[in-house]
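Let me begin by presenting the structure, written as structure tokens, before commenting on it.
Read the figures in this text as sums done on the coordinates, not as results from a lab. From a predicted model like this one, the values you see are computed outputs, not experimental measurements. Cβ sites come from the backbone with ideal geometry, for glycine too, and all protein chains shown count toward neighbours.
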């Protein structure tokens, strides 16, 4: 991983790659989001634990590049303490900004993190037999 040039990673991205937060599968999660990008081969699984509609814990398993790991790690930090509905407001741009920016060629990794989070919240609602308060179809992103 380089820290110079057009594909440079911020020090925070490198830190999240070397020391990912909340890594690993969660036992008995309240919601699971699984997404993959067939173009780059990245696969992301995000797990959330929810109490009284507040996300109390989050973890992830990601098979992919450094940016995919960093964005997964950061999104699990960002959602803790938020309500499930507030979690839906977290955008890929917010994840990238929280990491000090991503190289343009790696922005699709932050989209995966956003989509995995939305799917985990959607799964939480499904497990409770409730309808999510949002459009369940993840929007198609054109790169």
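Observations
- The range 48-67: number of residues that are under 18 Å from residue 83 (Cα atoms), surrounded by 18 or more Cβ atoms within 10 Å (Cβ to Cβ) and touching a helix residue (DSSP H, G or I) at 6+ places or on another chain (Cβ under 7 Å): 5
- Among the residues of the range 120-133, those identified as in a loop (DSSP other than H, G, I, E, B) and touching a helix residue (DSSP H, G or I) at 6+ places or on another chain (Cβ under 8 Å) are 131, 132, 133.
- Condition check for residue 117: part of a loop (DSSP other than H, G, I, E, B) and surrounded by 14 or more Cβ atoms within 10 Å (Cβ to Cβ): no
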